[in-house]
Structures are given as structure tokens and as C-alpha cells.
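Undergrad: Below is one structure. I have some questions about it.
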Amino acid sequence: VALMLGCSLVLSVQSFYSASDDVVELTPSNFNREVIQSDSLWLIEFYAPWCGHCQNLTPDWKKAATALKGIVKIGAVDADQHKSLGGQYGVRGFPTIKVFGANKNKPEEYQGGRSSQAIVDGAMNALRALVKDRLSGKSGSSGYNKQQSGGGSKKDVVELTDDNFDKMVLEGDDVWMVEFFAPWCGHCKNLEPEWAAAAAAVREQTKGKVRLGAVDATVHQAVSSRYGIRGFPTIKIFRKGEEPEDYQGGRSRGDIIERALDMFSENAPAPELLEILNEDILKKTCEDSQLCIIAVLPHILDTGAAGRNGYLEVMMKMSEKYKKKMWGWLWTEAGAQMELESSLGIGGFGYPAMAAINTRKMKFALLRGSFSETGIHEFLRELSVGRGSTATFGGGSMPKIYSVEAWDGKDGQLPVEEDYDLSDVHLDDDFDKDEL
């Protein structure tokens, strides 16, 4: 397998679009202003820099943006970098295209083709529908005041009081973002729709593990004075067993969601370390992740259970350290997946070995240092910043994966040979010992 130096498995963060394109680059800091407050129809692509299909879409997306200039707005969100925006609109795969029409808080999924002509046709159909609705009086301007009320409701924000604060916030296992407000405060009124929209998105994206609450500090003065609340709104972060922390971020729903998702990933469990028992395990783990980290461990007869568990423990520590990357983690025993080993160029020797695989680009990189926390950390850190040498899979496709039995957690045993009882076997009487 020919090595190709300098080609990274993980693309360095680099946008597909530039200021010279007619595609508007959207981020949490400009999304509200550009899209939510706008009367225009928007088609927005949510992409990831490492996604091959997104790269293929880029020229057509630019072409469509130029053709629709002044008629329909075409935008793009790097949802790998700005996970909060993708999470807010339920983006699960890349590229995802959404149509933001009359109700900007409820965009529709774009179902058309991916050529520039199909995108333009889809945009014009959506525009016709929007104009028709406006003519019939179904929806007026989709301006800011109207939209502010959408995107979440007060029911997603937990009302906290002097009576329930300790039980819910301090004694629970969830992470909390708590707003202390006063009903007469103008800034609090401006924050309210953003807080409600963020609460809805965060509850869904973190499955309730990060929660947003609100305390009316003019009524519940005991809890407010405990935390020295002097101005409004004040937002504090509460983690179990830790001192509360002041939230210093932006006040838009995007900023709030982004911080909440960051805290969620910090507290989330590390990805599961799975043995490659069949093709489905490899396929599902690697296709759902940007990178797949695969270890080929020595045969059980060479290490015993204790030795193998030592290697697996190192891998689990590394998966915890890099859990925010959402990579897949797999292992197999030397000799169990020979075609995989062969395609990675590690067959037959040099165990334990490790490879990082990008199945979309059909590329991989091999661990050259030691199979230790230090060696693996150095290897993964280099990949994270786009350095390190990579190679292409021979044949341009994934190798055949065999179905094997799961390791039972025990030491290996050599195959048992049958014992033969030779006690009743007599040498031939005619056998002459002197002939030896």
C-alpha cells in the first residue's frame, strides 16, 4: 500500500465557501440576524468538512446560489464546528438541506435532487408556495417579532423556587443552567424567548441530561441571596458536587445551546469499545463516526487475559480522553480478521497494532509509536490537527470481515491432545535389543 504523506484523515477546519461565493456562511453568532429575522426564503445546507457527499455538493450549491441571487438566499452551516445549530434543527447526517420559509422556527426538509438545476427548481417551488400563502393571507411577514415567540415554550424551562431548588438542582445528577431574573427587567424579557428555544433544543439533544431553569429572584429571595445575585439576568451553571460557575457566554439561543452541548459531551460516557465479531459491527461503528480506531491485539495465548485486559484498559482510557470527537473504537485478535490486517499492512507481526480509519475517504493511518497512553495520545493528537501520514485501502473498498466468536474473558487454552494408554502394549518378543 503506497503511503501518501501529508494527506490528513481529518480535514483541518476549513470552510467549503468563501466571501467571493454567493453562499452565505452561517454561524451561531449571525444565524438569528441573517435567517430568523429575515423575510427571505432560505435554503440552508448543514455540512461537515470530512463528508465526501458534502464536498461533491459544493460546486452545485455555489452555482445554485449564483443563479438565485436576489431571489432566494442560499446558506451553509459547518455543523461539525457549530454543533448547536445542527442540533437545534435535528440534523443527524450530512449534508442535510433545510428550507426556511414563512415559519423560520419550523424549517422543512428539502427532498429534491442535488444538481444545481434541481436545487433551483426546488427553491422556486418553495418560493411560489410562500408567495401563494401570503396572497391568501395564511402567513404575513416572517419578521423577528413574529418569530421570537416560536422555537420553544416556557414549559421546557423548569420553574425553580426556594422550595424545589435544592432537590432538583443540587441533589440531582443533571447539569443545570439557571437564569435568575426579575419580571420588570428589559434584558430578561429579551432573553426569555432565546432561553425557551434553547431549553427545548437542549432537552432533546441531551435527553434531559442538561436542563435549563429560571428563578424569579424578586419572589424567591432565599436562593437568590445565597448565590449573591445582584443584577438581572444572571445565569449560573450548576454541576453536581461542584461550586456554581457564572455563565459568561452570549445570550442567543445558539450560544446557549452550544455551551450546553459542550457540557453534555464533557459528562457523557466514553464510546463503547467493541470487539469486531462480524461485518455489521465494523460497518455501523465506522460509518457512524468520522474516524474509527481499530486495535489488533496479540493472540490470547501470547498475552493471557491479564495482558489483553491491560491493552483494552489503555484503549478505554484513550476513548474517554477523546470522547468529544465521537470516534468509533474497535478491537480484534491477531489472526481473526486476516484480510483487514492485510489491507492495513500489519498482518502476521508487530502486535499490538493500531490503525485509524476514515471509511468515507478509504484512508487509514497506522500507529508508529508505542501501544501506550503516551504513544496513542501522540498518534491521535497528530491526526486531530491534520498531521501524520496516511495510506489508501488497496482495492478502494473495505476488506472482507469474518464472523467470529466473542472472547470469553479467559486465558487461552492449547488444543487438548488425546492421551493414549500404552500400559498394555508389549514389545515384540522377537525384538532384539542389541540391534539398536
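Undergrad: Are any of the residues in region 239-255 touching a strand residue (DSSP E or B) at 6+ places or on another chain (Cβ under 6 Å) and free of Cβ contacts under 8 Å to residues at least 12 places away in the same chain?
TA: yes
Undergrad: Let me confirm something: among D80, D121, which residue is within 19 Å of N30 (Cα to Cα) and not aromatic (F, W, Y)?
TA: D80
Undergrad: Next up: How many residues does region 47-63 hold that are touching a helix residue (DSSP H, G or I) at 6+ places or on another chain (Cβ under 6 Å) and over 16 Å from L26 (Cβ atoms)?
TA: Final tally of qualifying residues: 2.
Undergrad: Which one is nearest to the chain's Cα centre (by Cα), of the residues in region 11-50 that are open to solvent by 50 Å² or more (accessible area, probe 1.4 Å) and free of Cβ contacts under 8 Å to residues at least 12 places away in the same chain?
TA: S18
Undergrad: Another question, if that's okay. Pull up region 308-339, narrow it to residues that are open to solvent by 30 Å² or more (accessible area, probe 1.4 Å) and basic (K, R), then point me to the one that is nearest to C286 (Cα to Cα).
TA: Ranking the qualifying residues of region 308-339, first place goes to K325.
Undergrad: If you don't mind, there's one more thing I want to ask. If you take the residues in region 229-248 that are of a type outside the set (D, E) and over 13 Å from E179 (Cα atoms), which one is least open to solvent (accessible area, probe 1.4 Å)?
TA: R239
Undergrad: Assess whether D121 counts as being open to solvent by 50 Å² or more (accessible area, probe 1.4 Å), in a helix (DSSP H, G or I) and modelled with pLDDT of 90 or more.
TA: Judged against the criteria, D121 is a match.
Undergrad: Turning to a different aspect of this structure: Taking F264 as meeting all but one of (1) open to solvent by 40 Å² or more (accessible area, probe 1.4 Å); (2) farther than 26 Å from E373 by Cα, write down the number of the exception.
TA: Result: F264 passes all but (2).
Undergrad: May I pose another question? Go through region 64-89 and report how many residues are surrounded by fewer than 19 Cβ atoms within 10 Å (Cβ to Cβ), closer than 19 Å to V120 by Cα and of a type outside the set (S, T, Y).
TA: So the answer is 4.
Undergrad: With the condition kept exactly as written, say whether any residue in region 151-159 is modelled with pLDDT under 85 and within 24 Å of E34 (Cβ to Cβ). Full working, then the answer.
TA: Here is the first cut: in region 151-159, the ones modelled with pLDDT under 85 are 151-155.
If we keep only those that are within 24 Å of E34 (Cβ to Cβ) too, we end up with 151-152.
Checking region 151-159: at least one residue is modelled with pLDDT under 85 and within 24 Å of E34 (Cβ to Cβ).
Undergrad: Which of the numbered conditions does V219 fail, given that it passes all the others? Conditions: (1) β-branched (V, I, T); (2) closer than 27 Å to N105 by Cα; (3) loosely packed, with under 14 Cβ neighbours inside 10 Å.
TA: (2)
Undergrad: In region 267-276, which residue that is surrounded by fewer than 18 Cβ atoms within 10 Å (Cβ to Cβ) and not in a strand (DSSP E or B) is modelled with the highest pLDDT?
TA: Step by step, filter region 267-276, then rank; the result is E272.
Undergrad: So F379 ticks every box in (1) among the hydrophobic types (A, V, I, L, M, F, W, C); (2) at pLDDT below 90; (3) farther than 20 Å from E333 by Cα; (4) open to solvent by 20 Å² or more (accessible area, probe 1.4 Å) but one. Which box is left unticked?
TA: Single failed check for F379: (2).
Undergrad: Here are some conditions: (1) open to solvent by 100 Å² or more (accessible area, probe 1.4 Å); (2) at pLDDT 85 or above; (3) of a type outside the set (A, V, I, L, M, F, W, C). S342 meets all but one. Which one does it not meet?
TA: Evaluating S342 over (1) open to solvent by 100 Å² or more (accessible area, probe 1.4 Å); (2) at pLDDT 85 or above; (3) of a type outside the set (A, V, I, L, M, F, W, C) leaves (1) as the failure.
The values are calculated or read from the model by the stated rules, or taken from the named source; none is laboratory data. From a predicted model like this one, the values you see are computed outputs, not experimental measurements. In this analysis, Cβ positions are derived from the backbone assuming ideal geometry, glycine residues included, and neighbour counts consider all displayed protein chains. Only protein heavy atoms, including side chains, enter the accessible area calculation; ligands, DNA and RNA are left aside. Shrake-Rupley method; radii C 1.70, N 1.55, O 1.52, S 1.80 Å.
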